[in-house]
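The values are calculated or read from the model by the stated rules, or taken from the named source; none is laboratory data. Here the structure is a predicted model, which is why all the values come from computation and not from measurement. Cβ placement follows ideal geometry from the backbone for every residue including glycine, while neighbour counts extend to all protein chains displayed. The area values use the complete protein model at the heavy-atom level, side chains included, leaving out ligands, DNA and RNA. Shrake-Rupley method; radii C 1.70, N 1.55, O 1.52, S 1.80 Å.
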Amino acid sequence: MRSTKKSILRNSTYILCALFFLGSCSSPATNRNYDEGKKDTQGTDTIVIAQMQFTPAELSVKPGDTVIWINNDMVDHDVTSDKKNFFYSDTIHVGKMWKMVVKDSASYHCSIHPTMQGRLILK
Amino acid sequence: MVISTGLLSLPVSAQKSQKLTDPEIASVAVTANQIDIGYANIAIKKTKNADVKKFAETMVKDHQAVIDKAVALVTKLKVTPKDNATSKAFLAGAEKTKAMLNSKTGAAFDKAYVDNEVSYHKAAINEVQNVLIPNATNGELKALLQSALPLFKEHLAHAEMIQKQLSK
């Protein structure tokens, strides 16, 4: 009986971890209104990608804050740190989003459209 | 004066004085995007330069996205794109440019392709800003053209970036 409970607990933990991991991947940006640069009560900031720009282009964040990039543009984009392999997203398709927990200040760009640039500044 | 790109081969006076209808504007918009996809497909086959290839692949995806939006809009509006002097002039210029690109290889091809991308996007931006947007009467068509403008401007800046790299 005890081992069954442990097994259920272990499986639940795996599922929770998997759900958390999936949360950092691209997902649909629907059913919610996002205001660019606005922080919600849970320390989440949003950067809107539209008209070939990251808005806001510069965002002040605290360590541990989550930043969500939402692609509201007419073409696909990505988020790639200027410093090699510091962080990078997969392709963020039109209407999708990608999120990341910020650990440090960083400049970034879209590797598909390299003239699009942004910056995260740690408070 | 006839320059190698499709758009620049149009007489400037004709571009300024022409009055296009919405079906004609839709035709010009789709044709101009298709032409750049055509150039990009030549580049994807011929170039050995990774940056040039990546740029060309982006041109295919981005211009196809604009075409898809335009086709969805004209379908919704029940508008049939109509060939006109401008779209025909684009196509005539594009045939000459494709022949020129196909005649080159190696670094000479890369330079010719990227130089053409710079001048083609400059001309496309000029056409969209000064002819297509002012002539569009349907609000959604005008909005689509306006939303495509930053994309074309980014393509121009990206092409100029590669042009600088190639000249080093």
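Bridging of B:K96 to lysines at a Cα separation below 16 Å is possible for B:K88, B:K104, once same-chain residues fewer than 8 apart are set aside. Using a probe of 1.4 angstrom and keeping all protein chains present, the accessible surface of the range B:69-112 works out to 61 square angstrom per residue. How large is log10 I(q)/I(0) at q = 0.12, 0.18 Å⁻¹ when the Debye formula is applied to the Cα atoms of the range A:49-110, each weighted equally and without solvent? Normalising to I(0) and taking log10 leaves -0.27, -0.61. Here the calculated FRET efficiency for A:A106 and B:A99, from their Cβ-Cβ distance with R0 = 35 Å, stands at 0.15, rounded to the nearest 0.05.
Residues of the range B:128-168 buried by at least 10 Å² of accessible area upon assembly of all protein chains, compared with the chain on its own (1.4 Å probe): B:S147, B:P150, B:L151, B:E154, B:A157, B:H158, B:M161.
Using a 1.4 Å probe on the protein chains only, how many percent of the accessible area of the range B:89-168 belongs to carbon and sulfur?
C and S fraction of accessible area: 57 percent.
Interface of B with A. Using a 1.4 Å probe and counting protein heavy atoms only, the two chains hide about 1100 Å² of accessible surface, both sides summed.
The slack between B:E57 and B:A85, meaning 0.36 nm per residue of separation minus the straight C-alpha distance, is 7.1 nm.
The residues of the range A:50-103 have, on average, 49 Å² of accessible surface per residue, using a 1.4 Å probe with all protein chains present.
Placing a pseudo-label 7 Å from each Cα along the Cα-to-Cβ vector at A:Q117 and B:Q146 gives an inter-label distance of 2.9 nm. Solvent-accessible area of the range A:54-121 (1.4 angstrom probe, protein heavy atoms only): carbon and sulfur portion equals 46 percent.
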